[in-house]
Every structure is written in structure tokens, then in C-alpha cells.
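In what follows, a single structure is set out as C-alpha cells and then discussed.
Every number in this text was worked out from the coordinates using simple rules, so none of it is lab data. Remember, it's a predicted structure, so these values are computed and weren't measured experimentally. No Cβ is skipped: glycine too gets one built from the backbone with ideal geometry, and neighbour counts run over all protein chains shown.
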Amino acid sequence: MRRLLAVLAVLVWSGAAWAAPERVVSLGGSVTEIVYALGQGDRLVADDESSLYPEDAQKLPRVGYYRTVPLEGIVSMKPDLVLASENAGPPKTLDRLAQLGVQVQRVSDGPSLDSLYQRIEQIAGTLHAEAEGKTLANQVRDELAAAQARQAPARRAVVLVNRTGSFMGAGGHTAADAVLRLAGMENALASQNGYTPVSTEGLATLAPDLIIITSTSLQASGGLDAFKARPDVSVTPAAREGRIAVINDLLILGLGPRVAQAVSQIKDVAR
Amino acid sequence: MFAGSRKLPPRPVLLALTACLLLAMLAASASGAVHIPWRDLPRLLWGTLAPGDELLHNVLLDIRLPRVVFSAITGAALALTGAAIQALFRNPLAEPGLVGISSGAALGAVAAIVLASGGFFLIAGSAFSGSLLATFLAYSIGRRYTGVAGILLAGIAINTVCASGIGLFTYMANDSQLRDLTFWSLGSLAGADWRTLAWTGPWTMALLAYLCSQWRVLNALLLGEREAAHLGFELAAVRRRLIVVIALVIGPLVAVTGGIGFIGLVVPHLMRMLLGAHHRVLLPASILGGALILTLADWLARLLVSPAELPIGLVTSLIGGPFFFWLLLRGKASGQNL
């Protein structure tokens, strides 16, 4: 009888160790989106302010912004797993979470396709959803291949963001730059590092053939007509030939599983 | 002269402050994002733990308690250095944040992080050098002007230079290397754990005790620099020593907490209103008051938007900003030079 109990105990214990985590806190919008894309959204108990897609993600309790998360706030959600973007922090807080016995899994979160596939694999593995992970990765690969196969001329493009009243352009080493290259476009700001301010004269000098602006930035700039009428925009080849693409912020500013959508939208306007 | 300006008997006030501080620390340890019932506290602290208790025990002892103790010590340090700087600079608006001592320390810390990817002691040392330089600058610029203008102008200049320096380093660094800019401008007590406390605690408290022991010379400075010299104080040496000690307190603290504003301005003023300007009483009262206010502020910061947290500097500025306004308006209305 005692031996049976011991065997049972071992079985139960190992079962617990192998069971998929049921209370997951996700830190980083790029991580949350993939958890949902894998069909595992119902395991999330909290996420962070940057988790905007899909809409369900916005209904979860928020533990602040993923770069400065509070230790006790996360503990209070009683998670058995914290899925954290590699950019999440403070690092010390994540280390202390692990010391408290919460499984902390950091996942790749760089602006590249490799990082996206790695992220999908890491999250799927940690959530014991390897099959869904393979399906998702293949789906992203197929959709992207289809989008890239469409013919569109390579244009000199800029990606503009307006959050504070003046324009910032996406330089090299950004997700927007990676998306542009996947779409076969040339980033006119590729030599810059990160997001850089683009002055009024700067835009005219860059003379882009294609302007991509995010949808909230367009709102902040007073709508499409007002944007086109700006003196610095109206003199660009892009405005003269009507090649201004308005793309959702999350699609173009992050490189996530919907990258194929971003690529097709860019190509639609580039033609 | 101090007896006449004293408003309340010091002993009961100090006792009341101590009692409030202990109560506030108890309340702050007992509540937070994780709900721990009051009646479970003794069992978690001293009793035998039930199987489900381990998490609560860890939250209480490893997360909350060090943080509460750390905020009390930080608040005490900011308020006491505020009181000391006000006497030393002979200027009621002097405060580590406004004068630029905190941002000097922050710039030093950021430089050490970005240029040398330094360990903690290098960062703390560099933060100390930054705050020392800023204090000397503020002091020597402030002396060139009469009234409060000089010190405020010095503060504006130092804060601007440091903010742009921090901005530049942040721009150079990849952001995973550097905590973001809000940490340096609004501060955070989230870094508090027992390891940090083990050396910042005794270090800070020893230096605070030293500052408290200097109440005689701070009192003498109230009369005027010449008067203090006539009373037999070697002002140049005293000044240098006090500035170094203040920088030794602020530098390492800022390296851990970032910039937490206004405690050093608000608390000494409140205490002066209650107790008068006698530094023998004012200095310990500032320690207790600063510890009390920062403990309460951090408690609010943790509770208001739970499970998220407000930056602590946001809470202290919300209290301190209006107080600063009131201080400036009051000075004008009564025609005093503050």
C-alpha cells in the first residue's frame, strides 16, 4: 500500500512538473500577440500596457509597462509562468521572480524574422503547444512567401511616426526597417540608427518615392488630406504620385506574426 | 533666539513622529498588491508556516519589508540632507533635487553604466563624484548672488546639463543596458532588497548620525557666516566636510533609487513650521518626517494602480510641487525674502 502511494506520489509530482502552465503573465506586446496566435490566450492572467493586439489582450489586468514591471504586482497574479520579452525588465525584478519560484521564460524580441520564428518556437515550447507553434510558423512563412511573391517595384521609402507633434523616421535596426526590406523596398533612412527626428527640410531632401505613416500618427497630423498638403510632404515624389500608405502602428512598428499583412499593404501602394 | 521661534514642545512631537513612522511602516508592510490578512501577520513572521504560506511569507519578508525599510531610510536621508543644505547654503529653497545634486549623481551613475558597464561599487562611486561636483558648483554659484535667485539659477543650469548628459548617454546606449530615462527623472524604490540594504542602510545611517551631530555649526550659520566664524567655527573646513558628507549620502542612494524629488524641500519646511529652526531638534525631526512621508508615498505608489505601480517621484512631486508654489507665493505676500 505504502509503495503504491509512493509510486502515485511520484506520478502526480512528475505530472505536475510536465503539466502546461495554467496561469501565465505575458510581458511585451510581441509576446502576448503570439500567445493568442497559438490559441493559448485563455491561459493568460495578466499582461502589460504594450499588449494591444488582439483586443482581448487589452481586457486583461495590466502589470504596468513591460520595461519597468513591479515585482509584487506580478506575484499578486499568482502566475506559474512569466513569459517575458528579452527587453522586459528591470532584470533584477525578473531574477527575483525566479528566486521566488515562479518560472520565468525570456524570449527573443529583436526586429528580425529570425527573432520572430525563434520567439514562436520558444513560447510554443514553454506552453507545451509545439504543434500549434509549428503550424503558426509555417503559416507565417507561407503567407510571407505569398506576399513577397507579388510583383512591386522597389521604392525608396520612409516610415514616419508622429507621437509628439513632430515626425520621427524609422532608421536601421528597427522593426519597420526589417518590414520594408522584406517588402523589397529601400529604406531612405537605413543609415540612421533607430528612430530619428525628420525635419521639414529633411523629408524634402530625402525625396522618398513612398511614404508610410502609421494610423495614429496620421490622426495626430490631422488626417490624410492635411498630411498630403503639408509643404514638406507635398513636394515629395511619393505625394505627387499618390504613394502614401497608412498602416496600423502595431503592424509596421513591430515584426510579429502578421508581418505578411504589412508587406502586402506596402506593396499595394508601391505599385 | 531659537526658544522664541519654537512653536511646539519638541519631545512630544518627536515621539508622535516616531509613533506615526512605526505605524506607517507596519501598514505599508501589511498591504500591497498581494493580499495578506492582518491576522496572518504574526504567524507569517514568527509562527510555523502552513504549506500555503510560503509565498505570502516570501512576499512579506523578501519583497515588502526590505522595500519599506529602504524607503524609510531613503526618505530620512533626503529630508536630512535637505535640512543641512538649507542651513549650509543659507537658502530655504536648497534641496538635493532642485539644486541638482541628485541629477549630478544620476549623471555619474549613468556614465559609469554606459562607459564602463560598471559593477555596483563603481556606479556608486561615480554617482558620488557627480553629486560632489554638482554640490560644489551649486554652492559656488549660489554664493555669487544674494537671496534665493543664485541657487535656483545654479540648480537650473546643473539640472539642464545633467539631463542632457543623461539623455546623450541613453541615446548612445542600447536600452537594455540602461534603465530608461524615467528611472533617473522620477525614481523607483523597486531595487530594494536585503543585499542592497545591507550596505546602503548602515552607511547612510552612520552619515546621517554624523550630520545630526553638526547641529551647532548649522545653528551658527543661521546667524550669518561672519557670526559663525566669530563663534569659533572654521567655516571653510566645515563647509567642505559637510558637502562631502552630503554627496556621500546622496550619491550611492541615487544610484539605487534614481531621482526622488521634493522630500528634501517639503519635510524640513514642515518641521520648521512645527518646531522652529533649532537644528538640534530640526535634524532628527527631519529624519523622522522624511522617513514617514516617503514610506507613505511609496505605499500609495504601490497601491493606487495595483497590480501596476506609479513612479515614486510622481507621487512625491504631486505633494511637493503645490507645496513649492505655496512657499513661493507666501514669501511674496509677506514681503519676505522667503
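The table below gives the values:
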read-out: Average partner coverage of B:63-69, which counts Cβ from other chains inside 10 Å; value: 2
read-out: Helical segments meeting 20 Å axial Cα length and Kyte-Doolittle 0.5 threshold in chain B (DSSP H); value: B:10-30, B:65-88, B:101-116, B:120-143, B:149-172, B:194-213, B:235-257, B:279-303, B:312-333
read-out: Cβ-based exposure ranking for B:LEU137, B:LEU153, in which fewest neighbours within 10 Å come first; value: B:LEU153, B:LEU137
read-out: Peptide ranges A:105-111, B:36-42, B:308-314 listed from the most packed, as the mean C-beta count within 10 angstrom indicates; value: B:308-314, A:105-111, B:36-42
read-out: Fraction in percent of alpha-carbon pairs per bin - 10 Å, the protein assembly as shown; value: 3, 14, 21, 21, 18, 13, 7, 3, 0, 0
read-out: GNM result for chain A, Cα springs below 10 Å: residue of A:SER50, A:SER112, A:SER76 fluctuating most strongly; value: A:SER76
read-out: Amide H within-cut-off set for A:ARG106, under 5 Å, with H built and near neighbours excluded; value: A:ALA84
read-out: Whole-angstrom gap from the range A:141-167 to the range B:59-114, using each part's C-alpha centre; value: 47 Å
read-out: By average C-beta atoms within 10 angstrom, highest first, the peptides A:119-128, B:123-132, A:235-244; value: B:123-132, A:119-128, A:235-244
read-out: Diffusion coefficient, µm² s⁻¹, Stokes-Einstein with Kirkwood Rh over alpha-carbon pairs of chain B at 4 °C and 1.567 mPa s; value: 63 µm²/s
read-out: Per residue, the convex hull volume that the Cα atoms of chain A enclose (Å³); value: 130 Å³
read-out: Average beta-carbon neighbours from other chains, 10 Å sphere, peptide A:60-68; value: 4
read-out: Within 10 Å of each Cβ in A:96-103, the average number of Cβ atoms from other chains; value: 2
read-out: Helix-only CD estimate at 222 nm, as mean residue ellipticity for chain A, using -39500 (n - 2.57) per DSSP H run (n ≥ 4); value: -13500 deg cm²/dmol
read-out: Charge sum, other residues only, whose C-beta stays under 9 Å from A:GLY184's C-beta, Lys/Arg counted +1 and Asp/Glu -1; value: +2
read-out: Computed log₁₀ I(q)/I(0) - Debye formula, equal Cα scatterers, no solvent, the range A:20-146, q 0.14, 0.19, 0.21 Å⁻¹; value: -0.54, -0.99, -1.20
read-out: Charge tally in the Cβ shell below 15 Å around B:ALA228, where Lys, Arg are +1 and Asp, Glu are -1, B:ALA228 excluded; value: +4
